[in-house]
Structures are given as structure tokens and as C-alpha cells.
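The values are calculated or read from the model by the stated rules, or taken from the named source; none is laboratory data. Note that the structure is predicted; figures quoted are calculated from it, not measured. Quick reminder, even Gly has a Cβ in these numbers, built from the backbone with ideal geometry, and neighbours come from all protein chains shown.
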Amino acid sequence: MASINANFLKLKAGYLFPEIGRRVGAFTEANPDLAGKIIRCGIGDVTEPLPEAVRKAMHEGIDEQGDRSTFKGYGPEQGYAFLREAIVENQFADLGITPDEVFISDGSKCDTGNILDIFGEGNRIAITDPVYPVYVDTNVMAGNTGEADDKGAYEGLVYLPCTAENGFVADLPTEKVDLIYLCFPNNPTGTVATKEQLKAWVDYAKANDAIILFDAAYEAFIQDPEIPHSIFEIEGAHECCIEFRSFSKNGGFTGVRCAYVVIPKTVTGSTPDGTRIPLHQLWSRRHSTKFNGASYPVQKGAAAVFSAEGKAQVSTLIEHYMGNAALLREACTKAGLTVFGGENAPYVWVQCPVGVGSWEMFDKMLGEAQVVITPGAGFGAAGEGYFRISAFNSRENVEEVCKRIATVLG
Ligand code: MLT
């Protein structure tokens, strides 16, 4: 008899977004006449077409694959040099990162989950709350937690509440932890951390011999020039940080898949006998064993994000989504709600009206406005009392959502 990984049985219900999909499906089945009115501002999935420069490069990549003289089979597992070099030149110039410290992949969701392969058992793991659910669920799957309590908090994880009081930037842990997940600009709250706040985290990590897993998937949405885009802008980060980046939200690659992990060779972890091992070495080994590289046309497309045309087209996309975020912020504020985020991120984090729970708010928005939002509680216990609106949509849809917010909540 094949035994299973029983850690999976500890997971609460379904993964958040499929669960939302299931509820929306049930609603449309019960109200078929309203199905066509539904506007989805739940999952942060891009809606605008791929930039022309990206499509052009992908077409070229496909054509190369159609010609024997330029055909490519398996590529380097870590990614093609042309893309790793373009990333360093455009995103990490002067930050002391080299192309061989960049690992190309097919997505940050996989990367942030898979990274646990290179860490041992018994680590104390700190997770901000509310949080992108992948960090929690992959730790549950890996056996790094006990059971969940009735609020969905797993035994063994150190939860760091992010609240309006701390500006949704968690306070440093009061105990020693070994792994820390940070995400800025933050999903789900849309808030950002200053250089000083990130410095405090890096100092904590160094003092406690901890590793920070820094998810910067939304860095392209930062508008404030004082806000760091990379953890490697912070002194000391090269000794204790791993950064995750993605082409999903800036280049619109959610359906195309390309992302990367940056691991400086100076970041180390420890064996049980205290020997220090570079994490870069372990991730490289893991990547070459379990991954065969992102597809060549996709990597060509990703590199085109950094061409002059690509940069201009990406910045138009960012402007579009940030324009949506501004409209959504305004509509919620006018409706008398307290609003956070949405100024340096594509997510608007809204406080539910007094006495309304976040799933109740989800039902109200779906039932009365036919707008799908994400209930804050789906991101963790500290998300209760809030909901997230994604700004990834067409302008037309966002304007319509704003009107419906005014009708239903105003
Ligand atoms: C979200 O809505 O939180 C994200 O789109 C999910 C993801 O990027 O996997």
C-alpha cells in the first residue's frame, strides 16, 4: 500500500482562489440571469494583452525553433544567459548581483513553494498575516507545521500580524526565527516598506542567523522613488536574503509563465554539524534535477521586456493598472470605507463596514453588485474585517465596479 504525505490532510479546505471560483460558480448556477454581469476583481490576474515587443520576440523564438540551424532543445536549467544578463543589467545594476546568481523559472508561485526543498526540518518559520497563502500551504505540505486551529492558524508557524496600527509592515519577531517570508509591495494589503523598515529586517536576520525570503513580484508598481524595489538595495542583504521576481504582473505573463529567483552566493545555511553551505549551490542542484528550464520563446519574450520598446509598453501597462487602482481607492473612500494600499501596488485593501465579516462582504459584493473581491480572511486570521480589490482589469470594468460600489456601499 502506498502511504501518502499526510501533511496534505492538515490543509484547510481548498486553495483560496479555486475556492472563490467554486463560490462564484455556485452563484452563477443559482442566478443564471446575473452571470453575464459578474466582474472579477478577485485573483490578481492581468487582463491586458502582452506587450507588442514581447509578442514579436516570442514569434522570433518560435521561428528559430522551426529552423534546423537555430533550433534549440533543452536549454540551460538555470535559464539562458541572454535573459539572466538582461535581468542583472536592468534590475540589479550596481546591486552586486551577477547573472549566475539568477535562476529563471516558470513562476513565483512555484519558486516560493519549491524553495522549501533546500531547507531542513525544525526551522522556526515566520509568516506575516495576512499573507499570500502559498507560503503557508507549502510549509504545511512540507511538514513544517502542526494542525490548524479554528481560525486557520497552524501550530508551529510564527505569525506576524500586519495591521492598520503597524501600517501593515510586521513588527520584528520577539523570538528567534530561522526563515522569514516578506512580500513588498505587499500582496494582499498593497502596502510598501521603507528602506529603514527593510534594514531593520535585514539586521534582525543577520543577528539571528535567519534567511529572508523576499517576494518582490509587484516591484514594478512602486511609484514612490524612496521605496526600495529590491531587498538587495539594503546593506547586509547579500548575506541573508533570497529574492523572488516575476514577469507575471509587469509584462503580463500570467498565462505565459516566467519568473526568477536571485540567490547571492554569499547566503548560507547550516548542516546539523554547523558547516555552512551556500544556498545557491543547493538551489542550483535542485533546479537542474527537478526543472528543465522555461521555454526558449518565453525567455526571448521576457528579455524583450527590457528592450526600449518593451520598457515603454510595460510602463503603459503599469500606468493603466495603477490608474485603475486610483479609481477603486477613490470609489471606496467616497463610499465611506477606509482604504489602504493601491498607491504603489495593484491591490486595494479595504476595511469592511463595521460588523461585516470578510466572507460576508464577499457574498454581499457578489450578490448585490456582481463584483468578485477577495475576502481578507482568505489571507489569514489578521485579514478578517478587510477585503482586497484587484486593479487588474479593463478600465471599462473598473469604472463599472466603481459605480456599483457607490450603489451598494455608498
Ligand atoms: C493573487 O491574486 O494573490 C495572485 O494573483 C495569485 C498569484 O499570483 O499566484
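Points worth noting:
- Among the candidates 221, 247, 232, residue that is among the aromatic types (Phe, Trp, Tyr), within 25 Å of residue 382 (Cα to Cα) and buried (at least 19 other Cβ atoms within 10 Å of the Cβ): 221
- Among the residues of the stretch 142-169, those that are touching a residue at least 60 places away in the same chain (Cβ under 8 Å), more than 16 Å from the ligand (Cβ to nearest atom) and either in contact with a Phe, Trp or Tyr (Cβ under 9 Å, 6 or more places away or on another chain) or small (Gly, Ala, Ser) (or both) comprise 142, 143, 145, 146, 147, 148, 152, 153, 164.
- Among strands (runs of 3 or more DSSP E) entirely within the stretch 236-339, having at least 3 residues that are of a type in the set (A, V, I, L, M, F, W, C) and in contact (Cβ under 8 Å) with a residue 12 or more places away in the chain singles out 241-246, 259-262.
- Test for residue 10: is it within 30 Å of residue 376 (Cα to Cα) and in contact with an Asp or Glu (Cβ under 8 Å, 6 or more places away or on another chain): yes
- Listed conditions (1) more than 23 Å from residue 257 (Cβ to Cβ); (2) at pLDDT 95 or above; (3) surrounded by fewer than 17 Cβ atoms within 10 Å (Cβ to Cβ) are all met by residue 141, apart from (1).
- Given (1) surrounded by 20 or more Cβ atoms within 10 Å (Cβ to Cβ); (2) closer than 20 Å to residue 252 by Cα, number of the condition residue 369 does not satisfy: (2)
So that you can scan it fast, the table gives a plain yes or no per residue for (1) over 26 Å from residue 384 (Cβ atoms); (2) of a type outside the set (D, E, K, R):
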residue: 115; (1), (2): yes, yes
residue: 133; (1), (2): no, yes
residue: 151; (1), (2): no, no
residue: 170; (1), (2): no, yes
residue: 190; (1), (2): no, yes
residue: 196; (1), (2): yes, no
residue: 202; (1), (2): yes, yes
residue: 206; (1), (2): yes, no
residue: 219; (1), (2): yes, no
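- Answer residue from the stretch 170-190, given it is touching a helix residue (DSSP H, G or I) at 6+ places or on another chain (Cβ under 8 Å) and more than 22 Å from residue 114 (Cα to Cα) and is nearest to the ligand (Cβ to nearest atom) among those: 190
- Residue 392 within 16 Å of the ligand (Cβ to nearest atom) and in a helix (DSSP H, G or I): no
- Test: residue in the stretch 153-167 that is at pLDDT 95 or above, assigned to a loop (DSSP other than H, G, I, E, B) and either in contact with a Cys (Cβ under 9 Å, 6 or more places away or on another chain) or among the β-branched types (Val, Ile, Thr) (or both): yes
- When the stretch 103-135 is filtered for residues that are more than 14 Å from the ligand (Cβ to nearest atom), among the β-branched types (Val, Ile, Thr) and within 18 Å of residue 280 (Cβ to Cβ), the ones remaining, listed by number, are 104, 115, 118.
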